[in-house]
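Q: Please see the structure below; I have some questions.
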Amino acid sequence: MSAPPSQKRSERMVALLELLDQRGPLPLSTIAELLSASAATIRRDVTQLVAQGLVARRHGVVGPVASRGELPVHFRDKRQASAKLAIAGRAAQEVPPGRHAVALTGGTTTTAVLRALHHRHDLTIITNSIGIGLEAAEQDQHRVLIAGGVLRSRSLELVGSLAEATMKLVNIGTAFVGADGCSADGGLTTHDETEARTNRIMLERAQRVVAVVDSSKIGQVTLAPMVEMASVQMLITDDGAPRAELDRMRQQGVEIVIVPG
């Protein structure tokens with residue numbers, strides 16, 4: 001069965017963004033040729049990406065936007081898809097049997113972790129992500145707590161003082177955290193400072209912190225720190241991660257689990 005048009009369009013746009021990140025500005029005709037699409041199709045895609053501030057177009061040449069930062073969540077879920085599924089499947093094994101409080105930060109990999117727990121109906125799910133909260137309710141989990149706050153449109157997470165106040169009231173068994181950057185020196189980082197603060201309080205309330213991060217983020221550092229690696233008990237990533245960076249994390253006491261990507 002072929003993918004629906006909207007999915008194909010999203011996948012093509014992600015491929016377009018990655019192409020520009022790798023090669024820099026390119027003519028529309030070259031992009032169309034490299035992506036095996038018509039010039040009219042690529043022109044429509046570029047128009048949509050320009051409107052979202054993700055690329056710049058000038059005189060028929062399309063280039064990346066230097067300050068683009070975080071991709072909207074509907075694009076991010078197409079990246080490293082197989083690795084994220086493998087990471088999530090392994091992460092689900094870290095949830096002990098019986099009733100347990102599981103916290104999940106927003107993100108595509110943590111969403112995959114929740115889906116890997118679909119067979120469990122005895123969990124308390126704690127999150128500041130609207131999407132994860134709704135999926136947990138649909139899974140008929142024992143209890144779902146969604147922290148209130150200000151909605152970030154790019155990540156669909158609720159952040160700020162209200163969300164932080166909620167997190168301070170809960171006790172968490174296992175926290176699964178995604179990140180935009182993960183390095184021995186920088187720890188777990190994200191693009192937004194307010195989101196980082198909310199996530200930091202969530203992690204402080206957890207008995208165990210498990211980072212679920214695909215290999216494209218390993219060795220990267222983004223704007224806002226969430227937690228240093230020494231405070232992370234386990235990192236689950238795929239086999240594309242740089243081994244030297246993982247070794248440096250092991251030296252900080254982090255258990256490293258590598259799954260096939």
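Nothing in this text is a laboratory measurement; each read-out follows from the coordinates by a stated rule. Since the structure is predicted, the reported quantities are computational estimates derived from the model, not experimental observations. Every residue, glycine as well, gets a Cβ built from its backbone with ideal geometry; the counts of neighbours run over all protein chains shown.
Q: What is the Cα convex hull volume of segment 165-261 when expressed per residue in Å³?
A: Values: hull volume 7.5 nm³, N = 97.
Spread over its residues, the Cα hull of segment 165-261 gives 77 Å³ apiece.
Q: With Cβ to Cβ distances under 12 Å as the rule, what net charge do the other residues near Gln220 carry (K, R +1; D, E -1)?
A: Spelling it out: positives minus negatives among the neighbours equals -3.
Q: Sticking with this structure for a sec: Note the angle between two axes, namely the Cα long axis of helix 81-92 and the longest principal axis of the Cα atoms of the chain, as a number of degrees from 0 to 90, rounded to the nearest 10.
A: Once rounded, one gets 0 degrees.
Q: Okay, moving on. Between Ala137, Ala40, Ala165, find the one with the highest GNM mean-square fluctuation for the chain; connect C-alpha pairs within less than 10 Å.
A: Highest fluctuation of the listed residues: Ala40.
Q: If you build the Cα gyration tensor of segment 5-68 and take the root of 5 times each eigenvalue, what three semi-axes come out, in whole angstrom, biggest first? Present the calculation step by step, with values, prior to reporting the outcome.
A: On the way: eigenvalues 49, 35, 25 Å².
Ellipsoid half-lengths, sorted descending, are 16, 13, 11 Å.
Q: Which trypsin sites (Lys or Arg not before Pro) from segment 162-261 combine a DSSP loop assignment with at most 13 other Cβ atoms within 10 Å?
A: Lys168
Q: Shifting gears a bit: Using only Cα atoms and rounding to the nearest 10 degrees, what angle (0 to 90) does helix 5-23 make with the longest principal axis of the chain?
A: 80 degrees
Q: Positive end of the charge dipole of segment 75-259 (Lys, Arg +1 and Asp, Glu -1 on Cβ, about the Cα centre): tell me which of Gly98, Ile126, Met167 has its Cα farthest that way.
A: Projecting each Cα onto the dipole axis, the largest value belongs to Gly98.
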